[in-house]
């Protein structure tokens, strides 16, 4: 009765283990990448379509079917494999036209399991335009979808029965041998026991045949294909087992009348069959000799222990052998076997589970835990049975042996089940599932006049802001509307409002996670193709995402550059997710909230972010950024500042990555005295400084006056003491805006001015607008002095808007991030691949560097104390950053910069076509930033310069 109840409880527990928790959404040969990349638009028709897998697959049992937008199947060649089966490919028989294609694939793994999935990609037109429907693609940064089929009931039952019966045969024959040698069994009793051997062997034969049959039908189509028995590792193992069983059967029939030979032949045959089951399941995916030997030893030891229990019970029930006697003869073997089982099982579990997360939050890990717990129970029961076998006066160990046998059978069922479940090894952690770019949704709508940047932030259920940044070529827009629809939602039309700049916005309540679609219409014209906006952060049990806060002006005057800044932070955090996330596989998500460019909006956004549980900040940008930083620091949230518009501060917990304005001023002065002044034509060296009377302006002006002195000359800048120190003439903000083009030309005339330095809030406002107007109107006719812009003014937008002044390199500046660094180049090339229609920018590169800083800090811990401890003394987190913040005053900013100048090529000189073409992997459509000095400038070591005495926050 007790045994029957235990069996019921064990079955219920097994069902619960397999049916609860995180279901394996992806299994054995898991999809990790595709070519073309899932959700992307290929610049030209691919010669082959491929899927890369985490484990080897069998081409013969796999399929890749490509369909066009009309649903018709594209003719392809057969599936081929590369990289030892980890890449499956098909070659289209004709060149793919510009369109959107769907690939449905099924891969037969070497472990005998079929994994299926699908992905979509597009092919660009000959002129580089996106194909129709490209806006519906999810974009790069996601793995192809995967789902796995489990083992069939025949395979599972065949393996379970085959291992159980082979174990009893193997251990039973060994027990009979030991009993015979001790003269503790009669020939009659032995004969009665051996009557069951032919029945057991028949079960073994049937189990081997069932295994071969299931392998031959394991392909993606499910049809019988005998060739799979030789093409797949599982098929070869099953075929070898069937062949061994056939040979062993013939051998046993030959020696059936030779008692001693028959006994040893049976022992070898049973042991061989048992050992063959080691060559199945996960072990076949990445086999190595040491691991294979360990698994063989594990299976044989488990067979000796479990089969021994069955043999003891059979000897007592059929042969009349006293349980106490049989147990004494087998106890030593059982104890040794159990020790080996535990040691080899732990090693196998470590290899297959691979990560703590999968031990507690996956079906595979739960079964491992259950199996380990039952092995402990078995050890306790076995100890009780052994103690009773040593004491003649106590009750016999029969009930304990029976209970141990039942538990052992359940353990065997769990072991067989493990072979059908997805293991942790090569399986993506929660941070790697779904989009790696957890944060605001970004897409690009194609209008008649160019591309419009569409955004949704924070792209989570609740209050959001929908933004549309119109291309510069768009005529004056009087009305912008968006038709928005979501999962299970009726489409609704939103009327957007303009709040400065080219960005239009509207608040919107998002009611559900999933893919939302937006159709942009300008001035009542034809709507653009709908773009996809993903809402929600993928979650998994036991791995709650970690929120990094970004309070940015997404709908106000700084929306364009703040969007680029936030996308840069997202790219950096995506690297963390791609590498498996934080401890426990947690995904890092960027909680981006719109400030609207106001201090009040920034404070409200911070309050909302704190309620949502943000633990650190990177990406704060635009108007109200300084107030947001202070509010977060007051709430003990560590902040990395990457936007030069955010003021320096001495508030603890703030780490300003952008250059200290004082260091910027020194660098501009060093550049003027060391490079510009010697090459200038001005009669007298005069530096005109249009600097705001605010904290940043005062610090920059103080640095500028120091930087033009001989004492500030850095290494590599010749500075004879006879060179006069330029006179710094201050201009009032608004002075340039009040001048007409003729008067402005005289101000920046190289014969009257050595250099013009501009540092104003709001990207220079009307004064920089006057420079842009002059550059477009007559910039190529002006003998202009260099126009040096501070970091909060200099941008690609200003350079492009300055016409000839920008294209000829007159508009220059400095930056603490180097566009020619390894990270700078990688960022520049990655942006258009990850975010279609976007170009790299200085603001985006700063965002990327800020994101790398916070990402490295999170790797050390997620508490405020851990993050601050790392940021207070950081390692190198990005090659793009010349020097981090000062350890004494981290809130003031970086201490070193490089000079930057735009460099443009004529469109006809750009490779690609005789008429030139847009270069998507650059900072400008026709050019790039050039670092004009390899030596860093600013508060560089060795000069003896200090910020002591400069204006303080």
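The values are calculated or read from the model by the stated rules, or taken from the named source; none is laboratory data. On a predicted model such as this, the values are computed, not experimentally measured, just so you know. Counting neighbours? That spans all protein chains shown, and the Cβs are built from the backbone with ideal geometry, glycine included.
Couple of notes before you dig in:
To keep it simple, each residue is scored yes or no on (1) in contact with a strand residue (DSSP E or B) (Cβ under 9 Å, 6 or more places away or on another chain); (2) assigned to a loop (DSSP other than H, G, I, E, B).
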| position | (1), (2) |
| --- | --- |
| 44 | yes, yes |
| 50 | yes, no |
| 55 | yes, yes |
| 62 | yes, no |
| 70 | no, yes |
| 81 | yes, no |
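- Checking residue 280 against (1) surrounded by fewer than 17 Cβ atoms within 10 Å (Cβ to Cβ); (2) touching a residue at least 60 places away in the same chain (Cβ under 8 Å); (3) under 25 Å from residue 308 (Cβ atoms), the condition it does not meet: (1)
- Some residue of the stretch 153-171 being closer than 30 Å to residue 534 by Cα and either at pLDDT below 80 or surrounded by 15 or more Cβ atoms within 10 Å (Cβ to Cβ) (or both): no
- Scanning the stretch 692-728 for residues that are surrounded by fewer than 12 Cβ atoms within 10 Å (Cβ to Cβ) and either free of Cβ contacts under 8 Å to residues at least 12 places away in the same chain or under 29 Å from residue 763 (Cα atoms) (or both) yields 693, 720, 721, 722.
- Hey, residue 236 surrounded by fewer than 20 Cβ atoms within 10 Å (Cβ to Cβ), within 43 Å of the chain's Cα centre (by Cα) and part of a helix (DSSP H, G or I) or not: yes
Okay, residues lined up against (1) at pLDDT 95 or above; (2) surrounded by fewer than 19 Cβ atoms within 10 Å (Cβ to Cβ):
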| site | (1), (2) |
| --- | --- |
| 458 | yes, no |
| 470 | no, no |
| 474 | no, yes |
| 485 | no, yes |
| 502 | no, yes |
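- Answer from 645, 628 - the residue that is within 13 Å of residue 552 (Cβ to Cβ), in contact with a helix residue (DSSP H, G or I) (Cβ under 7 Å, 6 or more places away or on another chain) and assigned to a loop (DSSP other than H, G, I, E, B): 645
- Those residues of the stretch 867-899 which are surrounded by fewer than 24 Cβ atoms within 10 Å (Cβ to Cβ), closer than 20 Å to residue 629 by Cβ and out of contact with any strand residue (DSSP E or B) (no Cβ under 6 Å at 6 or more places or on another chain), in sequence order: 868, 869, 870, 872, 874, 886, 887, 888, 889
- Those residues of the stretch 512-540 which are surrounded by fewer than 17 Cβ atoms within 10 Å (Cβ to Cβ) and assigned to a strand (DSSP E or B), in sequence order: 514, 515
- Residues that are outside the structural domain of residue 922 (by TED's automatic domain parsing), within 27 Å of the chain's Cα centre (by Cα) and under 16 Å from residue 456 (Cβ atoms) do not occur anywhere in the stretch 572-587.
- Residue check for residue 543: crowded, with 16+ Cβ neighbours inside 10 Å, within 30 Å of the chain's Cα centre (by Cα), closer than 19 Å to residue 460 by Cβ and in the same structural domain as residue 607 (by TED's automatic domain parsing): yes
- Candidates 446, 468, 454, 406, filtered to the one that is touching a residue at least 40 places away in the same chain (Cβ under 8 Å) and either out of contact with any strand residue (DSSP E or B) (no Cβ under 9 Å at 6 or more places or on another chain) or closer than 30 Å to residue 113 by Cα (or both): 406
- A count restricted to the stretch 239-264 and to residues that are in a helix (DSSP H, G or I), modelled with pLDDT of 80 or more and more than 15 Å from residue 200 (Cα to Cα) stands at 11.
- Among the residues of the stretch 632-678, those that are without any contact (Cβ under 8 Å) to a residue 40 or more places away in the chain and surrounded by 24 or more Cβ atoms within 10 Å (Cβ to Cβ) comprise 639, 646.
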